[in-house]
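The values are calculated or read from the model by the stated rules, or taken from the named source; none is laboratory data. None of these values were measured; they are calculated from a predicted model. No Cβ is skipped: glycine too gets one built from the backbone with ideal geometry, and neighbour counts run over all protein chains shown. Accessible surface is based on the protein model in full, side chains and every heavy atom, while ligands, DNA and RNA are left aside. Shrake-Rupley method; radii C 1.70, N 1.55, O 1.52, S 1.80 Å.
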Amino acid sequence: MTTATNTQKKGGFLAGTANYLDERVGVAGILKEFGRKIFPDHWSFMLGEVALYSFVVLLISGTFLTFFFQPAMTPVIYDGVYGPLKGAEVSVAYASTLDISFEVRGGLLMRQVHHWAALLFVAAAGLHMLRVFFTGAFRKPREINWVVGFMLFVLGMAGGFTGYSLPDDLLSGNGLRIIDGMIKGLPVVGAYVSSLLFGGEFPGENIVARLYSLHIMLIPALILVFVAIHLFMVVIHKHTHYSGPGKKDTNVVGYPLMPVYVAKAGGFFFLVFGVIMVIAANFTINPVWNYGGYDPSPVSAGTQPDWYIGWLDGALRLAPTHLEVVDWAGNTWSWNILLPMIVGIAFLVVVAVYPFFEAWVTGDKREHHVLDRPRNAPTRTAIGAAGVTFYAVLWAGAGTDLIATNFAMSLNQVLTSIQILLIVAPIVAFFITKRACLSLQRKDREIALHGHESGRIIRLPHGEFVEVHEAVDAFELYTLTDYKTYRPVAATANSKGRITFSSRARAAWSRFFFEDRVEPVTQTELAAAHHDHGQVEGGH
Amino acid sequence: MSDNSNGLVPSSGESDEYAYSAGAGLVLSDAIADPGIEPHRVRMTDKSVKHEKAAERQVSAMFVISILGSIFAIFAYFFWPLDEANLDAVRINTMFLGLGITLGLFGIGFGAVHWAKTLMPDAEVSEERHQTRGTEENRARAIEIIKLADSESGFSRRKLIRRTMYGALALFPLPAIVFFKDMTTEANPVEKLRHTMWQANKRLVQDPSGVPIKAADVTVGSAFHVIPEGLNEADHMLEEKSKAAVLLVRLDPADIHSAKEADWGYEGIVAYSKICTHVGCPVALYEQHTHHLLCPCHQSTFDITNDCAVVFGPATRALPQLKIGIDAEGYLIAKGDFEEPVGPSFWERKAN
Amino acid sequence: MSFLKRKANSARRSPFAAAIVIALGLLLSGGGYAVASGAVTSANANDPYKSAANIAAGKKLFLANCASCHGQNAGGTSAAPSLIGVGAASVDFQVSSGRMPAQGSGPQMPSKTPQFNEQQVIELAAYVASLAPGPEVPSDEALAANGNAERGGQLFRTNCAMCHNAVGAGGALTEGKYAPNLMAAEPKEIYEAMITGPQNMPVFSDANLTPTDKKDIITYLTYVQEHKSPGGYELANLGPVAEGLFAWIFLLGLIIGITIWLGAKSN
């Protein structure tokens, strides 16, 4: 017994506490169930934890900020310590943000911790999603957890945007103005939705308080609920592990929760918090005092959202000129706003439903707990690379002005190039990635069959020169050959003897996915290969 | 190619009663055999007491650093207070407070992880997984419970109850939706979008000072940021400003390519709404030689010599022009409101 | 009043400005100019920009270095605009920032190491100013950063920030042009840029931004230049894009480094 469940022992604080808790909460049963649960160890499995820990840091720092922040848009004359704004008419929200920054000890530190943690939260969640995608961790039985994680990513963006807008400074005010303009562009309801949101005309005196309610209550509560569901499902499914010797779909290989994982993951929280803290102590983020309070007339060059909204802002920038049309009834269709919105929403929908789509294509109903190496699922990896490229191009679209000034290029040319790249780059990324994956698989196959090149050349008795290949050991051989592969399926007739559209579509997608493939080495092939090169292999 | 087949495979987990289809998946009958978990590599701290002791000291040292860091942070809070007269104090306070806390956090973090890595067992352990699907026994029991609940409540049987309950559940959120109505005080938001503070004979004044502008002072090549007179004292100042902000420039009349533009201006002085027709950012960047107006948010570009038509970027419509003239004292005045709604498009924009 | 009028008028520059001066003639207020400038000239007998010796020396420099593009009489050619009426301020701004003489063509002349020393700049400016009246080099008093920074900040945001960014980090214009970074700009450069409107920057005459307004703007910019951010390193004040990149590369980079250390086996 290494856990504290042994409450029989007399004496000792630990035993006493454990006994007290067990008799009231039944902690022994919980520890018996979870105390030695196995978690696999790999650096890429910690990205989700980074997001979770940043969220905890957000809750801690955010709570501190609520003690001082006043979400009101009532105009006041700023009379704080920041000279270049003394005497300016600003909103209460903005003035209280300045007061937190300059008149509360540690206030600026907490603001910076909060903002850096927010950027990190969404970034880590995004990277975690990429890890899950590229290793196929979303496959059965984890499809629903993928959707839950997706919701968390979207909620993270929502939490970030509502927070970004709270200080009521010139930068965030222009951000809200853009949101207002986008909402007004919605067919039929636009003007009314905008009026409801802002409590009348833009900017009104309500929006900051309303976003504040969402930012500190509804969104964090939803994030907590989804985090709870997300983790609950991780416990139910147990964590996936990378393929390798001893790792199967029927087991989980790693370290026990207590003590190793508690120490590592617990320590890791302090490390994530520490990294955020050291950055926040030394690097300015969102210097609202530079921007001034919101005023609808001025604007600053470089007016951009935080990074996670950047791709949507980029989509808005990339819309071609003259898309807006007036129909026969005199209604205005703002396609320059609707098209980017549709592209953005479509992208998110594709991300959310991908696991179900892939499951439909493969028809594979097995449970998958061993992760794919990205190269071993070439089409999926290529689709992912295309998606990442698409997102990255939109994201770059939000920085066209900075790209132009910092690399001495023409703003117009940068924008036009990015418009073209948005279509071309994902396609190119798809093909390059797919070819690269297949080549890597062939190389793996070569190594599994013929071993590593040793660089030693020997001459055989009959005069032939050959390079000695060092055979791979059983562990490496298994790692190279243990992956799942699929073959395209043909469209088949159903019970009524008809070939349905769905069946044809599935066959077509299945060809798209699996026509080009490299199948794993089998024992038969390995034996044949060894027989051919019996003399030279195994040389050391 | 080796002999392999598609088909049903046993599900993971101990129960083999149920088999999942592999779909298009290949199931290799002669796949390379799993050699099992790699043998455990023994660490220095496992082999030598000296290394173990050293690791133990390192972990404690990190915890001590953490203690010192936390104490330093408290010390920094008091030792480097804020100073009203000097904002550098904020910088110093932020930095030292933050660095103290960082040490406090890093000490614990690195200490705990180092402890786990060097002193706790590092042999990988394998644990069985159970398939997510319940055992046949559990599934049968679950179905039994649902059927029992159904029969006891009569959920399937009592259609009247079921249907009225669906109705009730569907309607009960409706009051909540109605409640959102009062989030706005406007009965007709569209009407307000059609009008700004500009009206005939209202003077153009400088933003934000409110100083009126003489036509003679607007020289070629200059750009004035303009608001209507009285805006700063208006009831809904920001709301009005959001619609009424105007950019005023003087062009060489020979450069103006639109008769309407010249006509609505005064001696080459033209006034255009500064609110972008895309999503409403202030289009305030005026290039005096190319005569282009650029929006810094999404890069829509307008040609001010051609009635502010869009020449680049996502906007579609030209910026609305304000008709201007001068009053008896030579100050610039508006000749009326904008003749079309300013700012971003909305559904009813064209309709009347 | 005559002082104000003179300033208002003197803000005209550039070929277009010169053309307009001719086109509109003395219609608006030009008539008052001669009287006012005469008064000012007599009050500045020792003004180096009015010294005959400097004008003569400036003419030589001009013919040797500028005339190939701007023409023998500074009347402009197809390659470069006329300098008649651009004033000493314009020459001082362009030449002492190294933008002129230009090296090659491009969307915009970048600032570089100046080719002429202070005295030579004065001579060139004196020569160009002698061709036709134009904006003068501002006095030290006008440049002292002792105005109202709050007002200056508000004016800067309304009139300048859309191109130059809220704290002067610079920004993009169309077709490869840009609004330069002002973090190292000197008060004289800022003032001269406002009154002369170099390249595509609009002119801010004294009727638009009064000398007090200009002083306030200079005060604000000087404050921003001299005060480091209380939050720490500023990431070039480029805003959320720079912050996002920094978060991805350094914040997330550091953490991934830690995860790799954490996942690696101890030896």
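Order the peptides A:279-286, C:158-165, B:71-78, B:202-209 from the highest to the lowest mean number of other Cβ atoms within 10 Å of their residues.
Going from most to least packed, we get C:158-165, A:279-286, B:202-209, B:71-78.
Explain nothing, just the number: dipole magnitude of the protein assembly as shown about its Cα centre with +1 on each Lys and Arg Cβ and -1 on each Asp and Glu Cβ, in debye rounded to the nearest 20.
Taking the Cα centre of the protein assembly as shown as origin, the dipole is about 2000 debye.
On average, how many beta carbons from a partner chain sit within 10 Å of the beta carbon of a residue in B:96-108? Present the calculation step by step, with values, prior to reporting the outcome.
Values: counts 2, 7, 14, 4, 2, 9, 10, 3, 4, 10, 9, 2, 7.
Partner Cβ neighbours, averaged per residue: 6.
How crowded by other chains is B:253-263, given as the mean number of beta carbons from other chains within 10 Å of each beta carbon?
1
Taking R0 as 30 Å, what FRET efficiency do you get between B:ALA149 and A:TRP360 from their Cβ-Cβ distance, rounded to the nearest 0.05?
Result of the calculation: an efficiency of 0.35.
Can you list the HN-Hα couplings for the stretch B:164-181, worked out from phi with the Karplus curve (6.51, -1.76, 1.60; θ = phi - 60°), rounded to whole Hz and with x for Gly and Pro?
Here the 3J(HN,Hα) series is 5, 5, 4, x, 4, 5, 5, 8, 5, x, 4, x, 5, 5, 4, 4, 5, 3 Hz.
Whole number please: convex hull volume per residue, Cα atoms of the stretch C:70-213, in Å³.
Taking only Cα atoms, the stretch C:70-213 has a hull volume of 119 Å³ per residue.
Counting each pair of different Cα atoms once, what's the Kirkwood radius of the stretch B:44-118 in Å, rounded to one decimal? Working shown, then result.
Details: mean 1/r = 0.0727 Å⁻¹.
With all distinct Cα pairs of the stretch B:44-118 included, I get 13.8 Å.
How well do other chains shield peptide B:80-89, expressed as the mean number of their Cβ atoms within 10 Å of each residue Cβ?
4
Assign unit charges at the C-beta atoms only (+1 for Lys and Arg, -1 for Asp and Glu), then state the dipole size of the stretch A:93-215 relative to its Cα centre in Debye, rounded to the nearest 20.
Using only the charged Cβ atoms, the result is roughly 720 debye.
Where only protein heavy atoms count, and the probe is 1.4 Å, what is the accessible area per residue for chain B in Å²?
49
With θ taken as phi - 60° and the coefficients 6.51, -1.76 and 1.60, list the Karplus ³J(HN,Hα) couplings across the stretch B:87-96 in order, rounded to whole Hz; mark glycine and proline as x.
The phi angles translate into 6, 4, 4, 5, 4, 5, 4, 4, 5, 6 Hz.
Restricting to Cα atoms and excluding each atom paired with itself, what does the Kirkwood estimate give for the stretch B:24-153 in Å?
So the Kirkwood estimate lands at 21.4 Å.
Around A:HIS115, under 10 Å between beta carbons, what's the net of Lys plus Arg minus Asp minus Glu among the other residues?
-1
Could you give the nm distance between label points at C:CYS69 and B:LEU171, where each point is 7 Å from its Cα heading toward the beta carbon?
Distance between the two pseudo-spin positions: 8.0 nm.
Measure off 7 Å from each Cα along the Cα-to-Cβ vector at A:ALA228 and B:VAL27, then give the distance between these two points in nanometres to one decimal.
4.1
Sorted by average packing, counted as other Cβ atoms within 10 angstrom per residue and highest first, what order do A:358-371, C:108-121, B:102-115 take?
Result, highest mean first: B:102-115, A:358-371, C:108-121.
Under a no-solvent Debye model with one identical scatterer per Cα of chain A, what's log10 I(q)/I(0) at q = 0.07, 0.13 Å⁻¹?
-0.57, -1.38
Sort C:184-195, C:252-263 by packing, meaning the average of other beta carbons within 10 Å per residue, with the highest value first. The partial results should precede the final answer.
Working: C:184-195: 21.5, C:252-263: 17.7.
Top to bottom by mean Cβ count within 10 Å: C:184-195, C:252-263.
Per the 1.4 Å probe, what fraction of the accessible area of the protein assembly as shown, in percent, lies on carbon and sulfur atoms?
63
Pairs to check: A:LYS443/A:LYS484; A:LYS184/B:LYS192; A:LYS140/A:LYS496; B:LYS260/B:LYS335; B:LYS202/B:LYS241; C:LYS188/C:LYS215. Give those whose C-alpha atoms are more than 19 Å from each other in this structure.
A:LYS140/A:LYS496
What does the convex hull of the Cα atoms of the stretch A:215-310 come to per residue, in Å³, rounded to a whole number?
Details: hull volume 19.7 nm³, N = 96.
Measuring per residue, one finds 205 Å³ for the Cα hull of the stretch A:215-310.
Going by amide H atoms built from the backbone, whose H comes under 5 Å of the H on B:ILE213, apart from near neighbours?
Placed amide hydrogens put B:LEU204, B:LEU332 under 5 Å from B:ILE213.
Semi-axes of the equivalent ellipsoid of the stretch A:434-533: what are they in whole Å, largest first, if each equals the square root of 5 times a C-alpha gyration tensor eigenvalue?
After scaling each eigenvalue by five and taking roots: 41, 13, 12 Å.
Once you have the Cα-Cα distance between A:TRP43 and A:ILE236, take 0.36 nm times their residue separation minus that, and quote the gain in nm to one decimal.
Extending this stretch completely gives an extra 67.3 nm.
For the stretch C:48-131, what size does the Cα cloud have along each of its three principal axes, sorted from largest down, in whole Å?
Principal-axis extents of the stretch C:48-131 (Cα, largest first): 35, 25, 20 Å.
Tell me which residues come under 5 Å, amide H to amide H, from C:GLY171 once H is placed; ignore anything under 5 positions away on its chain.
Under 5 Å from the amide H of C:GLY171: C:ALA179.
Given R₀ = 60 Å, FRET efficiency for B:ARG157-A:THR524 by Cβ-Cβ distance, to 0.05?
Taking R0 as 60 Å, the efficiency between B:ARG157 and A:THR524 is 0.45.
Run a plain Debye calculation on the protein assembly as shown (Cα atoms as equal point scatterers, no solvent) and give log10 I(q)/I(0) at q = 0.04, 0.05, 0.08 Å⁻¹, rounded to two decimals, same order as the q list.
One equal scatterer on each Cα of the protein assembly as shown leads to -0.29, -0.45, -1.00.
What FRET efficiency comes out for the pair B:ASN86/C:LEU245, r = Cβ-Cβ distance, R0 = 30 Å, nearest 0.05?
The calculated FRET efficiency here is 0.40.
What does the buried accessible surface come to for A and B, summed over both chains, with the probe at 1.4 Å? Round to 100 Å².
Chains A and B together bury approximately 10000 Å².
On a straight-distance basis, which lysines could pair with B:LYS50 in a cross-link, Cα separation under 17 angstrom, same-chain partners fewer than 8 positions away excluded?
B:LYS117
Buried accessible area for the A:C pair, summed, 1.4 Å probe, in Å² rounded to 100?
Buried area between the two chains comes out at roughly 4600 Å².
If each DSSP helix of 4+ residues adds -39,500 (n - 2.57) and the sum is divided by the residues in chain A, what number results at 222 nm, nearest 500 deg cm²/dmol?
-19500 deg cm²/dmol
If Lys and Arg each add +1 and Asp and Glu each add -1, what is the summed charge of the other residues whose beta carbon sits under 10 Å from the beta carbon of C:ASN54?
Once all neighbours under 10 Å are counted, the net charge is 0.
Taking the alpha-carbon centroid of each part, what is the distance from the stretch B:175-240 to the stretch B:94-149 in angstrom?
58
Compute the separation of the alpha-carbon centres of the stretch A:381-431 and the stretch C:131-192 and state it in Å as a whole number.
Rounded to whole Å, the Cα centres lie 33 Å apart.
Mind checking which of B:PRO282, B:LEU171, B:LEU148 is farthest towards the positive end of chain B's charge dipole, using Cβ charges of +1 (Lys, Arg) and -1 (Asp, Glu) about the Cα centre?
B:LEU148
Beyond 13 Å, what share of the Cα-Cα pairs of the stretch B:195-259 is found? Please give it as a whole percent. Walk me through the numbers on the way to the answer.
Working: 1349 of 2080 pairs.
I get 65 percent for the Cα pairs in the stretch B:195-259 exceeding 13 Å.
Checking the cross-link filter: which aspartates and glutamates have an alpha carbon closer than 18 Å to that of C:LYS177, excluding same-chain neighbours under 8 positions apart?
Qualifying aspartates and glutamates at Cα under 18 Å: A:ASP401, B:GLU287, B:ASP303.
Roughly what would the spin-label model give for C:ALA144 and A:ASP327, points 7 Å off Cα along C-beta, in nm?
Each label point lies 7 Å from its Cα, and together they span 6.7 nm.
Just the number please: accessible area per residue for the stretch A:124-171, 1.4 Å probe, all protein chains included, in Å².
About 24 Å² of surface per residue is accessible.
Can you run phi through the Karplus equation (6.51, -1.76, 1.60; θ = phi - 60°) for the stretch A:13-22 and list ³J(HN,Hα) in whole Hz, with x for Gly and Pro?
Computed from phi, the couplings for the stretch A:13-22 are 5, 4, 5, x, 4, 4, 4, 4, 5, 5 Hz.
Treating only the Cβ of Lys, Arg, Asp and Glu as charged (+1, +1, -1, -1), what charge dipole size does the stretch B:41-134 show about its Cα centre? Round to the nearest 20 debye.
Numbers: 10 positive and 10 negative charges, 98 e Å.
With Lys and Arg at +1 and Asp and Glu at -1, about 480 debye.
Roughly how far apart, in whole Å, are the Cα centres of the stretch B:267-340 and the stretch B:46-84?
For the stretch B:267-340 versus the stretch B:46-84, the Cα centre distance is 62 Å.
Net charge near C:PRO110: determine it from the other residues with C-beta under 12 Å of the C-beta of C:PRO110, scoring Lys and Arg +1 and Asp and Glu -1.
+3
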